[in-house]
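Undergrad: My questions will all concern the structure given below.
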Amino acid sequence: MTTALQYTLSGLAIGGIYALVALGFYIMWSAAKAVNFAHGDTLMIGAVLAVMGLDAGLPLPLACLLAILAGALFGVLLERFAVRPFIGANASIGWMLTTIAVGIMAESLATMQFGGFSRPLPSPGVGGAISILGAGVYLQELIIPAVAVLAMTGLHLMQRHTLVGRAMQAVAHSRQAAALMGIDVDRIVMFSFGLAALLGAGAGVLVAPVIQASASMGVLLGLKGFAVAIIGGITSGPGVVLAGLAFGVMEKFVEGYVSTAAREIVGFSAMILVLLAFPQGLFGRREIFKV
């Protein structure tokens, strides 16, 4: 009982990171029918810049805030220069290649400036473990899935009750119709990429105290976040968050009862099986593209 609870709590923590990354993919896909394949690197940017900010003498809250804002700026600039010029029927694959290239360059630059080793981000949330029915867990690990659920709820409320949120929904439904209604589609898409990157950088700041910050930390987390978005259905915000939390718990159980190596095999096998049974993901809806 205690072991299962331990795996569940630890799985919800890493699953919360997958959920935040996947939520970013959902936001970008909804707005542009394109995604940033360097999205995992926004997570790395948040974590690494927060540690570097502390090294520069900044207080922890300010270092984390500036790191998250820098991640958002990275998303905005990437959309403007690496995605927008390549969206269209004649260059539909260009944004894939350019975002992958930008991600590789970002990781290389981080390695040059930060080093190739991992470093911890201090946080009061990892000062000591707390016991829940015999299972030990850091407060930081409990905060992560809570933030993922709050982010999903906040996004839903924004889409329903704010002008920019409604504009995002209009663009997601039809870019052409939204433009005819007077909505600045390019600005909404840029905002969406910035918001997605902000969530990614925030996820990096949240997880760095648990797994440590490194220049390469975003690669696998970003890939798994994308897998989670596909499993949950990239057209469903709640779906990708639920899939992220479940994916993290499944990984911890496989890691605990089988092996760490089997964790990746089972996880990505599950993604393939879900796609075979549900091509649009578990909670996604079928999209029709007119050509």
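Undergrad: Among Thr98, Ile183, Leu139, whose Cα projects farthest towards the positive end of the dipole of the chain, with charges put on the beta-carbon of Lys, Arg (+1) and Asp, Glu (-1)?
TA: Comparing the listed Cα positions along the dipole, Ile183 ranks first.
Undergrad: Keeping all protein chains in the complex and leaving out DNA, RNA and ligands, what accessible area do you get for Ile130 with a 1.4 Å probe, in Å² to the nearest 10?
TA: For Ile130, the solvent-accessible surface is approximately 70 Å².
Undergrad: Suppose all protein chains stay in the model; what accessible area per residue would a 1.4 Å probe give for region 66-158, in Å²? Don't jump to the answer; show the numbers that get you there.
TA: Details: 5110 Å² over 93 residues.
Counting only protein heavy atoms, the per-residue value for region 66-158 is 55 Å².
Undergrad: Accessible area, 1.4 Å probe, largest first: how do Leu121, Leu276 sort?
TA: Numbers: Leu121 5, Leu276 135 Å².
The residues order as Leu276, Leu121, largest area first.
Undergrad: On to the next question. Given a 1.4 Å probe, how much area per residue of region 2-44 is accessible, in Å²? Spell out each step's value before the answer.
TA: Values: 800 Å² over 43 residues.
With all protein chains present, region 2-44 gives 19 Å² per residue.
Undergrad: OK, next. For region 193-291, report the accessible area per residue in Å² (1.4 Å probe, heavy atoms, rounded to an integer).
TA: Working: 4480 Å² over 99 residues.
That works out to 45 Å² per residue.
Undergrad: How many nm is it between the label spots at Gln176 and Leu109, if each spot is 7 Å from the Cα in line with the beta carbon?
TA: Distance between label points: 3.7 nm.
Undergrad: Using each residue's phi in region 5-20, evaluate 6.51 cos²θ - 1.76 cosθ + 1.60 at θ = phi - 60° and report the 3J(HN,Hα) Karplus result to the nearest Hz, with x for Gly and Pro.
TA: 5, 4, 5, 5, 5, 5, x, 5, 5, 5, x, x, 5, 4, 5, 5
Undergrad: Shifting gears a bit: Once both labels are modelled 7 Å past Cα along the beta-carbon direction, what's the Leu58-Leu133 spacing in nm?
TA: 4.0 nm
Undergrad: State the percentage of accessible surface on the chain attributable to carbon and sulfur atoms; use a 1.4 Å probe and exclude ligands, DNA and RNA.
TA: Numbers: 9610 of 13740 Å².
It is 70 percent, rounded to a whole number.
Undergrad: Go ahead and estimate [θ] at 222 nm for the chain from helices alone: -39,500 (n - 2.57) per DSSP H run with n ≥ 4, summed, over the residue count, rounded to 500.
TA: Counting only the DSSP helices, I get -24500 deg cm²/dmol.
Undergrad: Tell me the relative contact order for region 1-157 as a rounded percent, counting alpha carbon contacts under 8 Å between residues six or more apart.
TA: On the way: 143 pairs, mean separation 55.0, N = 157.
The value is 35 percent.
Undergrad: Ordering Leu133, Leu69, Leu97 by how much accessible area each has at a 1.4 Å probe, largest first, what is the list?
TA: Values: Leu133 140, Leu69 90, Leu97 110 Å².
From most exposed to least exposed: Leu133, Leu97, Leu69.
The values are calculated or read from the model by the stated rules, or taken from the named source; none is laboratory data. Small disclaimer: the values here were computed from a predicted structure and weren't measured. In this analysis, Cβ positions are derived from the backbone assuming ideal geometry, glycine residues included, and neighbour counts consider all displayed protein chains. Just the protein is used for accessible areas: all its heavy atoms, side chains included, with ligands, DNA and RNA removed. Shrake-Rupley method; radii C 1.70, N 1.55, O 1.52, S 1.80 Å.
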